[in-house]
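This report refers to the structure that appears directly beneath it.
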Amino acid sequence: MLNDVKLARVGPNRHDSRITVKVLKIWDTIHVDTGEGLSFLFLDDEGTKMHALVERKDQHRRFRRLLHEEEWKTISGFQVRTFTPWIRLTKQRKEIFLTSETQVDDADAFDGFIPLDLIPFGDVMRLEFMLELFILELHEGDWKIITGFTVELSPPGFRFAMNHHTIIFTGNTNLQRSWGVITDHYMSFKNFRSIMNGVYTSNYPIDLLGYLDGVGEIEVVTDHTFTLGDNMQTSRVTFTIKDLEGRTLECEARGVLGIQLYNKWWRHGGTETFITMSDWMVYTDRGTNEMKIKDAGGISRFEFNALYQDVYEFRAAYFNESDPTGIESDGSSVELDWSP
């Protein structure tokens, strides 16, 4: 027997729910994990909104025929999944998934008052003030004592660190200066063999140290991450790095980062170059099935011949030297510079 419930009270453990909703919007989506999808925005008579999704492509035509914008429908036989609350389309931390088992019927339009979920201008202005404050107070390389934040699970798929959680700053967040811990760096260099064997996934960035074996020319390629069109172009530079056992990894850097790496390589001349790379992504080349490395956007960094003990020891082992400190640095770490 079906039970009529409101959107706010549907859940993943209830399989007998029936909802009556208005279809506000319909649009096509592309998801990195599931590919093409069909999305809907539902509204019930309490004013609750919820995102609904059709994952299976063979069901798209059916639901396009059954559901139209501005129509009221009763829907049953759907699934509900808890959605990781970081970036989402509604306040609800749940999503409805429409499947081959889902039943859709016409419903009478609700002619009563539906409360609007309006955000006061004051809240928007406070949010803008908070953003400006955090930009002014937080700088790369600084240590901070931070209180008054919340912690949520990171969204599925890509993460910026191995940790599965994300810190969320709020209006109660307080920042104070701290001296922190003095150390050469905060990178954890990964083993090339483990990378090639698929130990590391594309879920989070990793750090690398190697001998810079070669840098290719600057290419102009289509940026397939830009999903709003197929004519967006960017620059790409490929390069290879080598470990102490002679294993090589093919890497690529795009956009400003790629141009900076290319220019720095040629300015560096013919001297031996050892590169440290922080926060880069592992991915599988679909053509060759090989594990390769690419930048993760603005978070990725590189440095040539850094004055780190790890680099001294790597260089000494690479050239079988007894003195691990005979490395000359160019004295600069590279990060994105968007100034003209």
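Every number in this text was worked out from the coordinates using simple rules, so none of it is lab data. This is a predicted model, so every value here is computed, not measured. Every residue, glycine among them, receives a Cβ derived from its backbone with ideal geometry; neighbour counts consider all protein chains shown.
Taking all C-alpha pairs of segment 141-192, those more than 16 Å from each other amount to 62 percent. Potential lengthening of the chain between H164 and R56 amounts to 36.1 nm, from the contour at 0.36 nm per residue minus the alpha-carbon distance.
Determine the alpha carbon to alpha carbon distance for each of K94/K294; K22/K94; K144/K264; K22/K57; K25/K91; K264/K292 and list only those over 28 Å. Long pairs (Cα-Cα over 28 Å): K94/K294; K144/K264. For Q79 and L153, a Förster radius of 22 Å and the Cβ-Cβ distance give a FRET efficiency of 0.65, rounded to the nearest 0.05. The local environment of S76, defined by Cβ-Cβ distances under 13 Å, has a net charge of -1 under the rule Lys, Arg +1 and Asp, Glu -1. Taking other C-beta atoms within 10 Å as the exposure proxy, H60, H68 rank H68, H60 from fewest upward. In the calculated pair-distance distribution of segment 192-322, the portion above 17 angstrom amounts to 60 percent of the Cα-Cα pairs. Per-residue packing, averaged as other Cβ atoms within 10 Å, sorts the ranges 2-11, 283-292 into the order 2-11, 283-292, beginning with the highest. Computed from the C-alpha gyration tensor, the three semi-axes of the ellipsoid equivalent to segment 3-106 are 18, 17, 13 Å, from longest to shortest. Within the shell of other residues whose beta carbon sits under 11 angstrom from the beta carbon of G112, the net charge comes to -3, with Lys and Arg scored +1 and Asp and Glu -1.
Residue separation times 0.36 nm, minus the C-alpha to C-alpha distance between N191 and A316: what's the value?
Details: separation 125, 0.36 × 125 = 45.00 nm, distance 1.77 nm.
Here the answer is 43.2 nm.
Peptides 310-317, 183-190 ranked from most to least packed, by the mean per-residue count of other Cβ atoms within 10 Å: 310-317, 183-190.
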